[in-house]
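Contents: one structure, followed by commentary.
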Amino acid sequence: MAKNRKSILYHQTNIQKDHSDILHYFLNIYKKQMNVSGSTGEFYAVARPDENPDTIYEFRIKRRDRWHTRRISLGPLGEDTGSKSKCYKVIYDELLVLKIPPKAVRAFRDYMESIGREREIAELLEPEIDCITPSVSAVLKKLPLFSPDAHLGTFALEKKCVEKLRAFPEYQNYLKIADKFVFFSNLSRNLFLGQIIRDMHFGKTFVFNEIISHTEMLDHPLLFEEIYGKSALPVFYPICELYARFDAAVSALFGENPSAPLTSYRKKNWFLSRLAEKEAERDTAFPSSEEMEKINGLMTRILSSAGNDVRNYRNAVENRIRTKQFEQNKAGMRGIIRNLLLLLATLRAKGVAVRDLKPDNVFISGDISQNPVLLARPDEFSIGLIDFETAVFFSPPGQEKIRQPMLAGTPSYATPSHLFKNELLRIAYDDLNRILHLQDWQAVNSMIFNVVAGRRLTKKSGKLITGMAGIVRESLARKMTKIQAFQNCNRIFWNRASQEFYERSGRYKEYLQDVIIMLPEEVRIMFKTEAVCTEDLIRKRTACLLQSQTLFRSAKSRTALLNMDRDDLARYRCNWENNICVPPAEPRIRLKILRLLEIVDNLKLESGQVSGMISRIKQRGVSVSAYEIMLFMFRVVLNAMYRPEWGILSDDRPRTGAADFTADIPDDVSVGIEQTLL
């Protein structure tokens, strides 16, 4: 096949090994479908769109002296965590998900048991949640031996395929890639949430198309003003000047008599393509390849000389596209977030923690192709689940223990608790059930940000999850106990996660506040339960902090500080800051008192914010912004998963930790509320 400018052809030797193994597998499926045996087939990449992580490959096989071809799409699904299965999305007649376990499964019995375990979790959730689990029929129904049964219902087809696999064990090899069993799931018409999020938000293709549509604007600033507004004109005029420089330079390059018309449209198109960060391409025999290379070099030099002007212009274009895309998709964002929260409430009611929720593990249960406005109508679709590898039933019947789930998670959506055994989590926390459930809260909170911002919430702190094993090894090497190592991991992670959460949610605050969600009754009840629990936890921690410090020793003083509202506490802090109506104290003691009062105030602030959410959600049909939901959910998770005795978090937001206020203070130093005037 010839190479062209829009499709990059990759030689087979350049294809990465994991893709090569999968492609060889599907090539054999294709040959079996075509009733071809023993012939040599080929595959090669034909295209990879700029905004799509998937690669399109083409198969070629020879049958009866005639070449037959077909295409397949293949790409990674989610992040590579190392500790759990690798997943790939394949489009071969229909959408399939391939899951390759980290530990090879080689026995058919073990393979079927793994499928059974996932099916067991799914059966707990259905019919309230649409679930897709691995099946042997997902891929085997394409083969001649199994295709006559394809008309059967889902469960009947699966049963028939298993029967034939036992009768013809050689066909079990069609469930293996590189001699290892692989799990296949069929998504049919369903779309992954990750793909929908990518479609909602602009990328390089949007920016390119927007910029190259400006050919007429280069001569008409008023047209630019009409689209982008008067405030954007200052970024447009420098671009016009850069084009004038390019126009003169390219005319000089070809002289007075070029070999073909050097039209204004052609020059503007070249210039705008380069401005949009793509090489300008010739569309006829003129100019030559060598001349086109000179033109691109010329534009690169001109644009590089005015880097700030070019950046400002691109930012203006991106901001317009972002705003336009946001307004077009806002109703869909509301619907998705509402149903993500409903999914979370349903999982809670069912006593199941998925522990690996992410956009590439959930799908929209509904046919968007038949209903383009489906996402704006949340009652007409739901969020379905695929992949229960890490899931656990956290409310087993009777005295049955919670099963130990796989210690794994996707870094951008996980917490340190994903990577430690139940035994240790029981020591660290009072309620293992709640911690397992709140692991899904952390993931859903990150997904809400994904939906609105089109970006990951926890890029930096996610990297800490990836390196958590190293942190544990280092902690143990320093003679820490396992629980101390766990505390150290949490201290490092939540410091980074808190900073990143407030920074990134603050950056997109305007968009998050503009997405208003009406909370379903199930979500309202879930939020209220967790809010009351969190408010009680914060009050207990405040009481514990005041009980453990030795600056205010009398029970009356400690009770007064605990019950004092923030206005009274602010006046009391002011007295200490200005040394008014307070007992004499050394400067270092005064500083420790002020620090204590600051942390008590932060705890009261956080408690008040949680109380505010309780007041809001008491009303049926209440609407809350995505920003408020994210803040609330983060506070709930943080307060549950980070204990104050592990150290103070270093972010600039309300803290839940406690400091050592007694260090270097003589035993006889104390103050009392009764000694001061409030």
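The values are calculated or read from the model by the stated rules, or taken from the named source; none is laboratory data. From a predicted model like this one, the values you see are computed outputs, not experimental measurements. Every residue, glycine as well, gets a Cβ built from its backbone with ideal geometry; the counts of neighbours run over all protein chains shown.
Is there any pair linking a residue in the stretch 310-331 that is over 15 Å from residue 376 (Cα atoms) to one that is part of a helix (DSSP H, G or I) and of a type in the set (Asp, Glu), with Cβ under 6 Å and at least six apart or on different chains, and which?
From residues that are over 15 Å from residue 376 (Cα atoms), the pairs are 317/210; 321/210.
Is one or more of the residues making up the stretch 28-42 part of a strand (DSSP E or B) and modelled with pLDDT of 75 or more? Step through it out loud before you land on a result.
At the first step, the residues of the stretch 28-42 found to be part of a strand (DSSP E or B) are 42.
Restricting the remaining residues to those that are modelled with pLDDT of 75 or more gives 42.
Scanning the stretch 28-42, I find at least one residue that is part of a strand (DSSP E or B) and modelled with pLDDT of 75 or more, so the answer is yes.
Please tell me if residue 170 is assigned by TED's automatic domain parsing to the domain that holds residue 92 and closer than 20 Å to residue 28 by Cβ. It would help to see each step written out before you state the result.
Working: assigned by TED's automatic domain parsing to the domain that holds residue 92: yes; closer than 20 Å to residue 28 by Cβ: yes.
When the stated conditions are applied, residue 170 passes them.
If I filter the stretch 338-397 down to residues being assigned to a helix (DSSP H, G or I) and among the polar types (S, T, N, Q), which single residue comes out as surrounded by the most Cβ atoms within 10 Å (Cβ to Cβ)?
Restricting attention to the stretch 338-397, the residues satisfying the condition of being assigned to a helix (DSSP H, G or I) are 338-350, 368-370, 374-376, 378-380.
Applying the additional criterion that residues be among the polar types (S, T, N, Q) yields 339, 346, 369-370.
Values: 339: 23, 346: 19, 369: 9, 370: 8.
Step by step, filter the stretch 338-397, then rank; the result is 339.
For residue 243, work out the one condition from (1) assigned to a helix (DSSP H, G or I); (2) at pLDDT below 90; (3) not β-branched (Val, Ile, Thr) it doesn't fulfil.
(2)
Can you list residue pairs whose Cβ atoms sit under 8 Å apart, with the first residue in the stretch 367-383 being in contact (Cβ under 8 Å) with a residue 12 or more places away in the chain and outside the structural domain of residue 522 (by TED's automatic domain parsing) and the second being surrounded by 11 or more Cβ atoms within 10 Å (Cβ to Cβ) and of a type in the set (A, V, I, L, M)? Count only pairs 6 or more apart in sequence or on different chains.
Nothing qualifies.
Residues 606, 645: which one is surrounded by fewer than 18 Cβ atoms within 10 Å (Cβ to Cβ) and part of a helix (DSSP H, G or I)?
Details: 606 fails: surrounded by fewer than 18 Cβ atoms within 10 Å (Cβ to Cβ).
Just one listed residue meets the conditions, 645.
Table: residues versus (1) closer than 18 Å to residue 219 by Cα; (2) in contact with a His (Cβ under 8 Å, 6 or more places away or on another chain); (3) assigned by TED's automatic domain parsing to the domain that holds residue 433.
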{"position": "250", "(1), (2), (3)": "yes, no, no"}
{"position": "262", "(1), (2), (3)": "yes, no, no"}
{"position": "297", "(1), (2), (3)": "no, no, no"}
{"position": "301", "(1), (2), (3)": "no, no, no"}
{"position": "305", "(1), (2), (3)": "no, no, no"}
{"position": "321", "(1), (2), (3)": "no, no, no"}
{"position": "339", "(1), (2), (3)": "no, no, yes"}
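Given (1) part of a helix (DSSP H, G or I); (2) among the hydrophobic types (A, V, I, L, M, F, W, C); (3) in contact with a Leu (Cβ under 7 Å, 6 or more places away or on another chain), where does residue 187 come up short, assuming only one miss?
(1)
Find the residue count for the stretch 586-596, including only residues that are assigned to a loop (DSSP other than H, G, I, E, B) and under 42 Å from the mean Cα position of the chain (by Cα).
At the first step, the residues of the stretch 586-596 found to be assigned to a loop (DSSP other than H, G, I, E, B) are 586.
Then keep just the ones that are under 42 Å from the mean Cα position of the chain (by Cα); that gives none.
Looking only at that region, the number is 0.
Every residue in the stretch 80-91 that is surrounded by 19 or more Cβ atoms within 10 Å (Cβ to Cβ) and closer than 30 Å to residue 46 by Cα, please.
Passing the criteria: 81, 85, 87, 88, 89, 90.
Return the residue satisfying two criteria in turn: it lies in the stretch 62-78 and is buried (at least 19 other Cβ atoms within 10 Å of the Cβ) and not small (Gly, Ala, Ser), and of such residues it is modelled with the lowest pLDDT.
So in the stretch 62-78, the residues buried (at least 19 other Cβ atoms within 10 Å of the Cβ) come out as 72, 74, 77-78.
Restricting the remaining residues to those that are not small (Gly, Ala, Ser) gives 72, 74, 77.
Working: 72: 92, 74: 91, 77: 83.
Result: 77.
Output the number of residues of the stretch 386-407 satisfying the condition of being modelled with pLDDT of 85 or more and either farther than 22 Å from residue 361 by Cβ or β-branched (Val, Ile, Thr) (or both).
Kept after step one, since they are modelled with pLDDT of 85 or more, are these residues of the stretch 386-407: 386-395, 401-407.
Now drop any that are not either farther than 22 Å from residue 361 by Cβ or β-branched (Val, Ile, Thr) (or both), which leaves 386, 390, 392, 401-402.
Residues in the stretch 386-407 being modelled with pLDDT of 85 or more and either farther than 22 Å from residue 361 by Cβ or β-branched (Val, Ile, Thr) (or both): 5 in total.
Which pairs do you get when a residue that is on the phi > 0 side of the Ramachandran plot, found in the stretch 26-52, comes within reach of a residue that is modelled with pLDDT of 70 or more and surrounded by fewer than 16 Cβ atoms within 10 Å (Cβ to Cβ), reach meaning Cβ atoms under 9 angstrom, with the pair 6+ apart or on two chains?
Matching pairs, first to second residue: 35/63; 35/144.
When you check residue 6 against the structure, is it in the same structural domain as residue 100 (by TED's automatic domain parsing) and either at pLDDT below 55 or over 33 Å from the mean Cα position of the chain (by Cα) (or both), yes or no?
Values: in the same structural domain as residue 100 (by TED's automatic domain parsing): no; either at pLDDT below 55 or over 33 Å from the mean Cα position of the chain (by Cα) (or both): yes.
Judged against the criteria, residue 6 is not a match.
Taking the options 72, 132, name whichever one is among the aliphatic types (A, V, I, L, M), in contact (Cβ under 8 Å) with a residue 40 or more places away in the chain and within 21 Å of residue 392 (Cβ to Cβ). Steps first, please.
Working: 72 fails: within 21 Å of residue 392 (Cβ to Cβ).
It is 132.
Restricted to the stretch 47-61, and to residues that are at pLDDT 70 or above and crowded, with 16+ Cβ neighbours inside 10 Å, which residue is farthest from residue 200 (Cα to Cα)? Give the steps one after another, and end with the answer.
First, pick out the residues of the stretch 47-61 that are at pLDDT 70 or above: 53-61.
Pick out the ones that are also crowded, with 16+ Cβ neighbours inside 10 Å and you get 54-61.
Details: 54: 18, 55: 21, 56: 22, 57: 26, 58: 29, 59: 32, 60: 35, 61: 38 Å.
Once the filter is applied, the top-ranked residue is 61.
Limited to the stretch 587-604, what total is found for residues that are touching a Phe, Trp or Tyr at 6+ places or on another chain (Cβ under 6 Å) and β-branched (Val, Ile, Thr)? Working first, answer last.
Here is the first cut: in the stretch 587-604, the ones touching a Phe, Trp or Tyr at 6+ places or on another chain (Cβ under 6 Å) are 592-594, 596.
Next, from what is left, pick out any that are β-branched (Val, Ile, Thr): 593.
Final tally of qualifying residues: 1.
Tally time: how many residues in the stretch 145-184 are out of contact with any Leu (no Cβ under 8 Å at 6 or more places or on another chain) and outside any helix (DSSP H, G or I)? Step through it out loud before you land on a result.
In the first step, residues of the stretch 145-184 are kept if they are out of contact with any Leu (no Cβ under 8 Å at 6 or more places or on another chain); the result is 145, 147-148, 151-159, 162-163, 166-167, 169-170, 173, 176, 178-180.
This time we only want the ones that are outside any helix (DSSP H, G or I), so: 145, 151-153, 176, 178-180.
Of the residues in that region, 8 qualify.
I need the full set of residues from the stretch 591-642 which are closer than 22 Å to residue 525 by Cβ and polar (S, T, N, Q), in order please.
Within the stretch 591-642, 607, 609, 611, 615, 619, 623, 625, 639 qualify.
Any idea which residue in the stretch 488-510 is nearest to the chain's Cα centre (by Cα), counting only those that are among the hydroxyl-bearing types (Ser, Thr, Tyr) and crowded, with 18+ Cβ neighbours inside 10 Å? Steps first, please.
Taking the stretch 488-510 first, the residues among the hydroxyl-bearing types (Ser, Thr, Tyr) are 498, 502, 505, 508.
Still in the list and also crowded, with 18+ Cβ neighbours inside 10 Å: 498, 505, 508.
Working: 498: 16, 505: 13, 508: 15 Å.
Across the stretch 488-510, the extreme among qualifying residues is 505.
Could you check the stretch 494-585 for helices (runs of 4 or more DSSP H) lying wholly inside it with 3 or more residues that are assigned by TED's automatic domain parsing to the domain that holds residue 448, more than 24 Å from residue 449 (Cβ to Cβ) and touching a residue at least 12 places away in the same chain (Cβ under 8 Å)? Outline the logic, then answer.
Values: elements: 509-513, 521-548, 555-563, 566-578.
Those helices (runs of 4 or more DSSP H) span 521-548.
Conditions tested, residue by residue: (1) within 26 Å of the chain's Cα centre (by Cα); (2) loosely packed, with under 15 Cβ neighbours inside 10 Å; (3) more than 21 Å from residue 57 (Cβ to Cβ).
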position: 104; (1), (2), (3): no, yes, yes
position: 118; (1), (2), (3): yes, no, yes
position: 121; (1), (2), (3): yes, no, yes
position: 142; (1), (2), (3): no, no, no
position: 150; (1), (2), (3): no, yes, yes
position: 157; (1), (2), (3): no, no, yes
position: 179; (1), (2), (3): no, yes, yes
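So how many residues does the stretch 428-484 have that are more than 28 Å from residue 333 (Cβ to Cβ) and touching a Ser or Thr at 6+ places or on another chain (Cβ under 6 Å)?
1
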